[in-house]
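The values are calculated or read from the model by the stated rules, or taken from the named source; none is laboratory data. Predicted, not measured: the structure shown is a model, and the values here were computed from it. In this analysis, Cβ positions are derived from the backbone assuming ideal geometry, glycine residues included, and neighbour counts consider all displayed protein chains.
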């Protein structure tokens, strides 16, 4: 490296600011831990600069332009590298965004639960969006960056997504398994789950210096195959408890079939077949009961 190249490198290191291409990052780590004394550090309005050394936060600088001098910024005195005759600071430097990050998606399968009415195992899914801010940059660095090495936006948002799914899993499981609420119609409870999860997840996130301001567009749904099976089982169970309903299903299915010329596999034919099957089964049961009653009525020889 020539003298001119060295001079350019040294001049570059005298001015530090978050690069433009990293403006959308929740946290950005300055690549060099050797920082020249009297460097001009620029901190934007929507971020903080955090100095971190040997597992501890040394100090934080607010927005503005700062000259890195131990005389004017006392906590920098503990970062001076004596091996360089006091010309350099030895520290990791993080830029942490304090603005709100919105429209962050989360979702997936949260659990398989037993429907209390049919005892069928049903897969439940939840999807939605959330908005987050860093409420305590020092906690964020000490907990997520320092212990779990989460630095990219994807690392942090995936961690929050997993935490949200955990809370939704607990909430939905309690709703179905403990409170014995039916799974059909669970989509109507989305707003209630949203409020309850927001209240329970907030304290957990505060321990990591993160705050979720809101959840939005939350939908709770059943896997398509499970929903079809559950509806069929619920309908069959209702027919088995009500003979007149089963008879009505037969007549309705036959009438619709005659009107539309329904073929095999149509909903009308299926309804008729289901109703007829249940009706025949219940008639057979009644005939069996009548035979048993007649046997009991015959006098012994």
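Does residue 173 satisfy the condition of being assigned to a helix (DSSP H, G or I), in contact with a strand residue (DSSP E or B) (Cβ under 9 Å, 6 or more places away or on another chain) and modelled with pLDDT under 90? Taking the combined requirement at face value, the residue satisfies it.
Could we say that residue 126 is in a helix (DSSP H, G or I) and crowded, with 17+ Cβ neighbours inside 10 Å here? The answer is no for residue 126. If you go through region 37-71 and keep only what is over 21 Å from residue 144 (Cα atoms), touching a helix residue (DSSP H, G or I) at 6+ places or on another chain (Cβ under 9 Å) and buried (at least 18 other Cβ atoms within 10 Å of the Cβ), you end up with 37, 68.
Of all the criteria given as (1) modelled with pLDDT of 85 or more; (2) buried (at least 16 other Cβ atoms within 10 Å of the Cβ); (3) in contact with a strand residue (DSSP E or B) (Cβ under 8 Å, 6 or more places away or on another chain), the one not satisfied by residue 211 is (2). Here the condition is being under 32 Å from the mean Cα position of the chain (by Cα) and modelled with pLDDT under 95; of 29, 12, 53, it holds for 29 alone.
Only one entry of 154, 170, 179 meets the criterion of being closer than 20 Å to residue 25 by Cα, without any contact (Cβ under 8 Å) to a residue 60 or more places away in the chain and out of contact with any helix residue (DSSP H, G or I) (no Cβ under 7 Å at 6 or more places or on another chain), and that entry is 154.
Within the option set 261, 199, 265, being modelled with pLDDT of 90 or more, surrounded by fewer than 15 Cβ atoms within 10 Å (Cβ to Cβ) and either more than 22 Å from residue 117 (Cα to Cα) or not assigned by TED's automatic domain parsing to the domain that holds residue 143 (or both) holds for one residue only, 199. Per the conditions (1) on the phi > 0 side of the Ramachandran plot; (2) more than 33 Å from the chain's Cα centre (by Cα), the sole criterion not satisfied by residue 108 is (2). Considering 142, 93, 89, the condition of being over 14 Å from the mean Cα position of the chain (by Cα), closer than 30 Å to residue 66 by Cα, surrounded by 17 or more Cβ atoms within 10 Å (Cβ to Cβ) and assigned by TED's automatic domain parsing to the domain that holds residue 201 is satisfied by 142 alone. Evaluating residue 188 against the criteria (1) exposed (fewer than 15 other Cβ atoms within 10 Å of the Cβ); (2) free of Cβ contacts under 8 Å to residues at least 24 places away in the same chain; (3) more than 19 Å from residue 107 (Cβ to Cβ) leaves one unmet condition, (3).
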